[in-house]
Each structure stands twice: as C-alpha cells, then as structure tokens.
Amino acid sequence: MNVFVVELRKAVDTRAGVALLVTIGVLVAAVAGLQLGFASDRSWGSVVANAQQPVSVLTPLLGLLLMTGEFSQRTALTTFVLVPVRSRVVVAKFLAASVLSVLVTVAGFGITFVLLLGSSGEFSGSVVLQLAFVNWLTTMFGTSFGLLLWRSAPAIVVYYVVPFVWTFVGRIVPGLEPVSPWLDIGQSRTPLAGPGVEAVEWAQLGTSSLLWIALPAAVGFLRLTRADLS
Amino acid sequence: MIDVHELTKRYGDRLAVDDLTFRCEPGTVTGFLGPNGAGKSTTLRMLCGLGSPTAGAALVCGVPYRELPHPGRRVGVLLDASAQHGGRTGREVLSLSAAVLRLDAGRVDDLLDEVGLADSAGRRVRSYSLGMRQRLGIAHALLGDPEVLILDEPANGLDPEGIWWMRRLVRSHADRGGTVLLSSHLLGEVDRVADRLVIVARGRIVAQGTRNELGPDDLEALFLRVTA
C-alpha cells in the first residue's frame, strides 16, 4: 500500500508531472469551449467525446514517464534498493497510473459538464463509462511501453508513432483490412466514443489490447526482473 | 555484517568480479579500494540486490539482500549521488523514501539538519552541487537508521569540511556497533578511517587485512604496487 502511494506521488511531484496535469485540464476546457462557441455540432455526445481527447492522448504520458523516470533519471538505483522485489514496484506503478487515469478523467468530465451547463443534450452514462475505460486503456498502453523501453524519449516516440504507422499500414496493404481492426488499438477503441458498441467491437478491443498492452507489459516485466540495474 | 563469498560476475567473456571473498564485521569500517573498472561498483550493486551474481554469494545481515524483509531499515545504501530525479526537491526525495519505510516526517527534517541541507531542502536537486547531492545521498542512506552502511565514493565532490564530517560520521557509526563498507579513491581518507582494507584489481582481491597486516608501506605505495 505504501509503495503504491509513493508511486502515485512520484507521478505528480515533479515539474513535468504538474505541467502535464495542468496542460490536460487547459486543453479539455479549450476543446469543449471552442466546440461550444464556434462549431456547428454542439451536441452533448460530440462535445463530451471530443473533450476527452486530450485526456486520452496525454494521460498515458504520466504512466509512461512514471516507468521511464526510474531509468532516465536513474532513480531505479534507490527505488529497487528500498523495494528489492521488483514486481511490487511494477504493480504499484500500474495501479498508480490507473488511479491517475480515473482522477484525470473525472476532472475532465467535471470541466466539460460545467461548460455544458445550460445547453441541452441527452446524458449517456454508458458513453461516459466507455470514455473513462478508453482513457484507462490508453494509460495502460503508455505505461506498458514505458516498462518495455525504459528510456523516455524512445518510449514516447514509439508510443505515439508505431500505432499510427500500424493504422496506416493496415489501410494500404491489401489483405490486411479484415484483420486490422483486431490488431489496431487505434481503430478498435474508436467505437467506444459513442453509444451502441457491438460484441465484435468489444472482442476487437480485447485482442488489440492484448497485443499493445499485455504483450509489451509482459516483455518489459521480464526484462526488468532479470536485469542488472546500474 | 557483510559476508561476500566466492562472489563472481561474468558479462559475456569478461569476468567483472572474480571469486571475491571478504567479511565486514559489526563495529568496523572496511575500505574497499581499487582502480576504476576493478569491479568495486559491480560488487556493491550485487550486495544491494541490483545485480545477480554469476556464482557465489553476497550476504548482508546473513541473507541475500533481496531476502531482507525491510532492507531499508537494516542497510543504508549510497551508490551514486547523481542518480536522483532533478525535478524533485531535496526534501521530496527523502520524503518519498521515508514513506516507503513508513517513517514519520520528522525524521526527514532531522536528517536534513544533520547533513546540513535544511536551508536548501526546498530547492530542486537539479540545482544542487555534487557535494550537496552527496549529502542528500548520505541522508538517504541514514534514513532508516540502518546497522549496515554501503557507500560508494561518498566523499566525491565534498569540500574539506565535508570530508572531515563524512569521516566522523562513518567512524561514529562503526563505534556504535554498525558495519560500514566504503569505497573510495581518496586513499588518505580511507587510511584514516578504515579498520580493514580490501583492495581489488581486475575483478580479483589483490590484498586484504588490517593496516598493520598489510605492511609498513604507505597506502599509496601499497596500492600502486598491488594493483599494478
């Protein structure tokens, strides 16, 4: 429990962590405000989904940096001396990233709902939950890439670029089109932004999450538990 | 107590640590000496559970470090003073570890006082000099009031007053019954504070014993002779 609390604190006790949180808050307000002020589509569902975009793009960085910070700042030397059972630290980091994702998501919805006060629209609880779930998934995605790659800069680049390239490849290479939704987390999470997600879409989210979250997390975990740290 | 027994570490073809055996008894300071690349840091990392031995054992308080239930309460470690997150304040660095060790916040302030960082505790570590980082690292090692201290080059970057302070700290820790293993390139300092010396070169022990057992040469002459 105390290791989890410490990991949660580590994610937000640096300037980078605070800057990231503030940026997310400002972007959520900006996206919702701009859409309400200027866009033609001001429907409740569209504003709420769009306002969560900054959360789902940036919150994963908190988890990613929580992992890579140990290596890029070399604090692994003290972290794993104090807690030599490395799996405890890894689990605490994933839990901390999960809690952060929920807190940031709740704050994001809070900002959006305040801006939406007075405008009409059908509140959809299931869409809110789905968006929160997507935010959590992407945070796990970023955190597992941090665990896999250890260094901040390569992990950030790979986290943002590889899925993007993968989506692109899935679209242009003939024959990949039918399998692509099963393997591409960028595509498979899109339906969750709206109501009426189908069973096959949940299944596609499951398989692509195994590929992009569970697999890198497992490989990174093995790498960490076997490594000599210096 | 520290008990290193036939400790060996191999990286590919290279033997970084080759069959080291030595003990550090409670109440003593052991100076761990050797040229750069002799295997000192590799040995200390294995002692602290950061690296796995290829063969042999590195025991602290009778067990491998990773099997200690509350290692931070038994062993204080300073391996590299520059390995701190530059974006955290000095107080935050200590507070995080105090939270892991379930110590109360007063302990952090006491140690900041003790190492002379009370006035800079709110500054980010990025702005610290090497000497200040070293003091922070010492405070970190002392946090859990451990019986064993493992210090890698703790005098690096300290000014003469700091070196004097460090020597007194190490000595009094041992005089209270603690065990200290201390690596350093400052031969004169080690000579003044250590009860026993372990000298390594190319991964092997080339000399060990009390100062008297190692002969009448001054330490520099001895060091250069055995590590040549």
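Computed from the coordinates by the stated procedures, all read-outs in this text should not be read as laboratory data. Treat the numbers as computed from the prediction; the structure is a model and nothing was measured. As a convention, Cβ positions derive from the backbone with ideal geometry for all residues, glycine included, and neighbour counts pool all protein chains shown.
Couple of notes before you dig in:
- Ratio of Rg to Rh over segment A:2-226 (Cα coordinates, Kirkwood Rh, two decimals): 0.99
- When you restrict to C-alpha pairs under 8 Å that are six or more residues apart and normalise by the size of segment A:1-67, the relative contact order lands at 42 percent.
- Antiparallel DSSP beta bridges within the protein assembly as shown, percent to nearest 5: 55
- Counting only residues at least eight positions apart within a chain, or on another chain, the lysines with an alpha carbon under 28 Å from that of residue B:9 are B:40.
- Residue-wise HN-Hα couplings along segment B:72-84, as the Karplus relation 6.51 cos²θ - 1.76 cosθ + 1.60 with θ = phi - 60° gives them from phi, are x, 8, 9, 10, x, 10, 10, 9, 7, 5, 7, 7, 10 Hz; Gly and Pro carry x.
- Per residue of peptide A:71-79, the mean number of Cβ atoms on other chains within 10 Å of the residue Cβ is 6.
- Cα long-axis angle, helix A:2-12 against chain A (0 to 90 degrees, to the nearest 10): 60
- Distance between the C-alpha centres of segment B:41-86 and segment B:152-224: 19 Å, rounded to the whole angstrom.
- ³J(HN,Hα), Karplus 6.51/-1.76/1.60, whole Hz, each residue of segment A:184-195, x for Gly, Pro: 10, 5, x, 6, 6, 8, 4, x, 6, 6, x, x
- Positive-end ranking of B:96, B:172, B:20 along the dipole of chain B, with charges on Cβ about the Cα centre, is headed by B:96.
- With the convex hull of the Cα atoms taken as the outline of segment A:163-203, the averaged projected area works out to 2.9 nm².
- Theoretical ellipticity at 222 nm over chain A - DSSP helices of four or more residues, -39500 (n - 2.57) apiece, nearest 500: -25500 deg cm²/dmol
- Considering all different alpha carbon pairs of segment B:179-228, the Kirkwood hydrodynamic radius works out to 11.2 Å.
- Each residue in A:72, B:97, A:43 was given a count of other beta-carbon atoms within 10 angstrom of its own, and listing them fewest first yields A:43, A:72, B:97.
- With Cα atoms, 0 to 90° folded angle of helix A:53-72 axis to chain A main axis: 10
- Here chain A is treated with +1 on each Lys and Arg Cβ and -1 on each Asp and Glu Cβ, and its dipole about the Cα centre works out to around 760 debye.
- Pair-distance profile P(r), taking every C-alpha pair of the protein assembly as shown, with 10 angstrom steps and integer %: 4, 18, 25, 20, 14, 10, 6, 2, 0, 0
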